[in-house]
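No lab work stands behind these numbers, since they all come straight from the coordinates. Because the structure is a prediction, the values reported are computed rather than measured. Methodologically, a virtual Cβ is constructed for each residue, glycine included, from the backbone with ideal geometry; neighbour enumeration extends over all protein chains shown.
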Amino acid sequence: YWEHPFEGNDKVFILQTMEELYDVLDRCYAAGYPDTMIIQDCIPGDDSYMRVLTNYSDKNGHVKMMCLGHVLLEEHTPHGLGNHAVIMTEKNEEICMKLKKFLEDIHYVGFSNFDMKYDERDGKLKLFEINCRQGRSNYYVTGAGFNIARYLVEDYIEDKELPFEICENESLWQVVPSDVARDFIVSSYHDKMKQLEKAGKMTNSLVYKGEKNLFHRLWVWYNLKRQRKNYETYAVKKS
């Protein structure tokens, strides 16, 4: 898709009419895009209605680790729309066990990542897709105490029998400054976010306290600083 750019080729399109749909499809295929397109029901709700579930299935196709994240904020730039920016772990054994059965029924092996959204119209979580890999926001899993590298080593190198675990640890992961997160996340989550940050249960994929490379530290500072401008340009403040 990205190899065939056209005017307005955003990552996600929210379309209201058939005319808008045909316009996007015409521009996309006229640019040389050769594959199919996915059309999904637009489920109402802001970023905080999203969930992400990361799993590891061992070499025998048995699920060994599941970590559910409650997405509180996503990126809002045209090319980054939908990428997770703030995630707080939560437990939902019902959805985990349903997807565990699905993965084991198809004999899936390796990492998997489900994107889903809560639909307040019927009170159900709706699955968008399965990514056959860990997600780009996967560090929320490590931050919750489940280092994915350990599963590969113990499964394939040490040939260990791994226990089945559903993450119950509370943690907060983000790749934006805390003040930006609070401005663009609904206020009902602020107290819990502050509690986790104060307890030392917050992680940021970009920040490493032991980093000694000045260039990298400056790059991180710049990256975090520009997030304020990006959100003020493309998103709506919640508080």
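Observations on the model:
- Cβ-isolated cysteines (cut-off 4.7 Å), the chain: Cys28, Cys42, Cys96, Cys132
- Within a Gaussian network of the chain (alpha carbon springs, distance under 10 Å), most fluctuating of Phe215, Phe13, Phe114: Phe215
- Peptides 15-22, 162-169 ordered by average Cβ neighbours within 10 Å, highest first: 162-169, 15-22
- Computed on the chain, with alpha-carbon pairs under 8 angstrom and 6+ residues apart, the relative contact order is 19 percent.
- Ordering 31-43, 220-232, 66-78, 50-62 by mean Cβ neighbour count within 10 Å, with the highest value first, yields 66-78, 50-62, 220-232, 31-43.
- Of interest is the spacing of the C-alpha centroids, which for segment 91-116 and segment 174-211 amounts to 28 Å.
- Spatial separation of Cα centroids for segment 30-74 and segment 123-159, in angstrom: 12
- Coarse-grained scattering of the chain at q = 0.13 Å⁻¹, given as base-10 log I(q)/I(0) from a Debye sum over alpha-carbon atoms: -0.94
- Helical mean residue ellipticity (222 nm; -39500 (n - 2.57) per DSSP H run of 4+; nearest 500) of the chain: -9000 deg cm²/dmol
- Of the residues Val63, Cys167, Tyr222, the one whose Cα sits farthest toward the positive end of the charge dipole of the chain, with +1 on the Cβ of Lys and Arg and -1 on the Cβ of Asp and Glu, is Tyr222.
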